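Data first, discussion second: the structure below is written as structure tokens.
The numbers here are math on the coordinates, done by the rules we state, and not lab data. Quick caveat: nothing in here was measured; it's all calculated off a predicted structure. Methodologically, a virtual Cβ is constructed for each residue, glycine included, from the backbone with ideal geometry; neighbour enumeration extends over all protein chains shown.
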Amino acid sequence: MMLTVFVYGTLKPGEAYYKLYCEPYVVTVVPALTRGCLFHLPEGYPAMTLGDDWVTGALLQLRDDQAIAHMDELEDYDPALSQADNLYIRQLRPVFSMERQPLGLAWLYWMRPERVRQSGGIPIPAGIWSRQQWPSISQI
């Protein structure tokens, strides 16, 4: 079964976990946007909260349900747990083309605002994250 996932951080093409977690399953990659607020966490990866800003990423069409299970593991998401007990929440959310035309729903991982605050998240108003631009504190 095909599924679509919107990625905005370490799972994007060219970032740290794309080759291992996404590439083996990817059918298509399309630049895309979603609504939310993007933050850089001191650990060296981003988090998105729900919101009204635009977050830039990639819409991945995946050929295998197993891909989402691997991503859940990376994102510390267990569907059997409550939102409060997960690091990230996986949810179907609207995704848009770069021209802001609706592309439908895709799975994406977002974080509760309280958890972003507790982690010391730094707002990224431009809505675009890359490891080169936002290294972890241990890399500085």
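Placing unit charges on the Cβ atoms only, positive for Lys and Arg and negative for Asp and Glu, gives the chain a dipole magnitude near 360 debye about its Cα centre.
Placing a label point 7 Å from the Cα of E114 along the Cα-to-Cβ direction, the residues of region 62-88 whose backbone N falls under 20 Å from that point are 76-88. Couplings for region 39-46, taken from phi via the Karplus curve 6.51 cos²θ - 1.76 cosθ + 1.60 with θ = phi - 60°, read 9, 9, 9, x, 5, x, 9, x Hz in order; Gly and Pro are left as x.
Treating r as the C-beta distance of L105 and K19 and R0 as 30 Å, the FRET efficiency rounds to 0.70. Of S82, S119, S97, the residue with the greatest mean-square motion in the GNM of the chain, using alpha carbon springs below 10 Å, is S82. Fewest neighbouring Cβ atoms within 10 Å first, the residues R117, R63 line up as R117, R63. Put in order of Cβ neighbour count within 10 Å, fewest first, the listed residues I128, I122 become I122, I128. Here is the list for region 59-129: GluC sites (Glu not before Pro) lying in DSSP coil, each with at most 10 other C-beta atoms within 10 angstrom of its C-beta, are E99.
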